[in-house]
1. When you scan the range 164-211, how many residues do you find that are crowded, with 22+ Cβ neighbours inside 10 Å and charged (D, E, K, R)?
2. Among the residues of the range 76-104, how many are touching a residue at least 40 places away in the same chain (Cβ under 8 Å) and more than 16 Å from Ile433 (Cα to Cα)?
3. Assuming Leu515 fulfils every condition listed in (1) assigned to a strand (DSSP E or B); (2) at pLDDT 50 or above; (3) open to solvent by 30 Å² or more (accessible area, probe 1.4 Å) apart from one, which condition is it?
4. Could you count how many residues in the range 159-217 are among the small types (Gly, Ala, Ser) and under 24 Å from Pro148 (Cβ atoms)?
5. Listed residues Gly255, Gly304, Gly326; which is closer than 30 Å to Thr203 by Cα and either open to solvent by less than 10 Å² (accessible area, probe 1.4 Å) or in contact with a helix residue (DSSP H, G or I) (Cβ under 7 Å, 6 or more places away or on another chain) (or both)?
6. Ser426: closer than 29 Å to Arg120 by Cβ, surrounded by 13 or more Cβ atoms within 10 Å (Cβ to Cβ) and at pLDDT below 60, yes or no?
7. Across the range 407-423, which residue is least open to solvent (accessible area, probe 1.4 Å) among those that are of a type in the set (D, E, K, R) and either in a strand (DSSP E or B) or out of contact with any strand residue (DSSP E or B) (no Cβ under 8 Å at 6 or more places or on another chain) (or both)?
8. Test Gly71 against the stated conditions and say whether it is modelled with pLDDT under 95, in a loop (DSSP other than H, G, I, E, B) and closer than 21 Å to Val199 by Cβ.
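The values are calculated or read from the model by the stated rules, or taken from the named source; none is laboratory data. Because the structure is a prediction, the values reported are computed rather than measured. Because the Cβ atoms are built from the backbone with ideal geometry, glycine has one as well, and the counts that use them run over all protein chains shown. The area values use the complete protein model at the heavy-atom level, side chains included, leaving out ligands, DNA and RNA. Shrake-Rupley method; radii C 1.70, N 1.55, O 1.52, S 1.80 Å.
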Amino acid sequence: AAMRRFLGPLLCLLALRLPAGSGAAARGLDVASYRERVRAMFYHAYEHYLESAFPYDELRPLTCDGQDTWGSFSLTLIDALDTLLILGNVSEFQRVVNVLQEGVDFDIDVNASVFETNIRVVGGLLSAHLLSRKAGLEVEAGWPCSGPLLRMAEEAARKLLPAFQTPTGMPYGTVNLLHGVNPGETPVTCTAGIGTFIVEFATLSHLTGDPVFEDVARKALKALWKNRSDIGLVGNHIDVITAKWVAQDAGIGAGVDSYFEYLVKGAILLQDKELMSMFLEYNKAIKNYTKFDDWYLWVQMYKGTVSMPVFQSLEAYWPGLQSLIGDVDNAMRTFLNYYTVWKQFGGLPEFYNIPQGYTVDKREGYPLRPELIESAMYLYRATRDPTLLELGRDAVESIEKISKVDCGFATIKDLRDHRLDNRMESFFLAETIKYLYLLFDPDNFIHNDGSDFDVVVTPYGECVLNAGGYIFNTEAHPIDPAALHCCRKRREEQWEVEDLMREFYSRKKTKKFTLKRAPDHGEGENAKDSQDASSEKAGEKRNSKKSSHSLLSCPSQSFNSKLAVLGQVFLDNT
């Protein structure tokens with residue numbers, strides 16, 4: 001009973017349990033075959049990135065070269081790192097860790113998106129750090145409370161902290177990694193760019209012992225909550241100095257999406273009732289004012305009147321989020337609506353006019369986004385409905401047929417005529433491929449139901465890791481929630497955990513758990529810091545191409561161009 005209490009917060013994360021029986025055979029879908037096709041898709045894209053684009057951020061698949069996009073971090077390499085391990089490629093994971101330690105520098109004169117740097121770089125490094133021992137790396141003494149990837153994540157996050165120094169605590173959208181916030185930087189930031197930090201920053205605080213990261217993330221979340229409208233909605237863009245809403249469209253999609261996602265995931269990760277209660281209040285308002293026939297529209301945040309009857313592809317994360325709070329029936333109905341759009345076009349256009357049943361002008365593209373596949377993965381874990389595997393099948397077929405080129409996979413500029421764009425975003429390897437693979441790989445370690453775990457020794461006692469219940473950040477980087485309990489310094493908690501572990505060992509004859517004791521790497525005077533380990537260079541060296549360039553303050557919308565739909569102004573996505 002005591003061990004169950006100890007593992008309770010972890011086991012409650014495993015809400016998406018696999019019912020008995022499989023729906024795959026019912027419709028004759030060869031899951032193993034599609035899994036291997038997804039693996040081949042990954043390597044086609046990944047190897048061409050290494051050959052043609054590294055050390056730039058992203059691959060340009062039509063011209064077989066690279067470009068920097070979000071800050072000059074070799075971003076695709078960071079974003080793809082944990083996907084390598086999920087696909088079982090331990091040796092390449094180890095090689096890339098060494099390459100990143102040698103080559104990535106955050107002390108550069110570059111204007112970087114605070115949001116993107118957090119979810120892709122900080123999130124990717126934290127996930128890789130927590131998976132390092134599973135990937136066979138020799139971790140240093142004190143891991144997971146220390147380590148080279150954790151130090152890199154902390155360094156990157158500290159570069160973002162100046163953005164939070166505002167009267168409201170809501171961050172600027174862009175920060176210069178060398179000089180901080182530029183004079184004259186726009187104070188207008190999208191809601192998601194303010195409320196998407198608690199997963200990464202709380203993890204950092206718990207692992208490093210420095211509360212500043214979690215503190216600023218919580219302050220930003222609460223500032224948005226404080227400035228919601230009287231009917232319980234938040235808008236799209238806000239002035240972080242005055243707290244005045246600049247764009248007052250309320251919905252679940254672009255510019256807002258991951259704020260809601262992080263209230264739920266932050267609540268689960270931290271076992272935080274306040275964050276969950278905030279989301280549930282928002283959820284009531286969203287259902288009351290934006291939901292129509294299992295679609296979600298855009299409304300005016302103060303009046304609740306419909307401003308845009310549009311479905312955006314970024315909204316397709318919502319059914320997966322609903323599944324995390326147990327609202328599976330509503331999630332499936334909304335998912336099926338979105339799936340009809342996929343079937344119509346062979347992908348999800350960025351904007352889809354619901355009454356007209358067609359794309360919106362200048363929003364016909366599909367940049368290989370993961371959101372609908374992400375929802376399918378979550379819902380399949382909950383229901384085993386074979387329809388969800390069929391979406392995965394359709395995604396593989398569509399992407400291979402339309403998007404595959406000699407040097408990778410290209411963004412689809414227009415789903416109507418299949419014209420392509422010369423870009424392969426890093427999220428294709430971080431999210432789209434990962435969620436597809438996990439949909440077709442029911443036995444992956446990510447899906448661990450708690451029956452198998454490791455016990456590791458830290459300076460603060462023993463802790464449980466790798467028991468499952470991983471929380472994916474909004475870039476699909478998995479965070480092991482148990483790791484947040486490994487590095488706490490409160491003696492009373494240490495004693496309680498040690499007592500529980502002793503009780504567990506006294507019962508270990510039971511076959512309910514498979515216990516694997518982690519080797520105590522690097523203990524004693526001869527401890528070797530893995531940061532100093534020699535790396536396999538493989539002829540890959542970063543060049544001196546760094547340059548300063550302005551980036552969008554928000555991942556999906558810039559504030560300088562606008563789109564009017566049915567007379568209502570909505571922010572453009574360029």
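1. 1
2. Looking only at that region, the number is 12.
3. (2)
4. Residues in the range 159-217 being among the small types (Gly, Ala, Ser) and under 24 Å from Pro148 (Cβ atoms): 4 in total.
5. Gly255 is the lone residue from the list that is closer than 30 Å to Thr203 by Cα and either open to solvent by less than 10 Å² (accessible area, probe 1.4 Å) or in contact with a helix residue (DSSP H, G or I) (Cβ under 7 Å, 6 or more places away or on another chain) (or both).
6. No; evaluated as a whole, the condition is false for this residue.
7. Filtering first and then ranking leaves Asp414.
8. Considered against the rule, which asks whether it is modelled with pLDDT under 95, in a loop (DSSP other than H, G, I, E, B) and closer than 21 Å to Val199 by Cβ, Gly71 comes out as yes.
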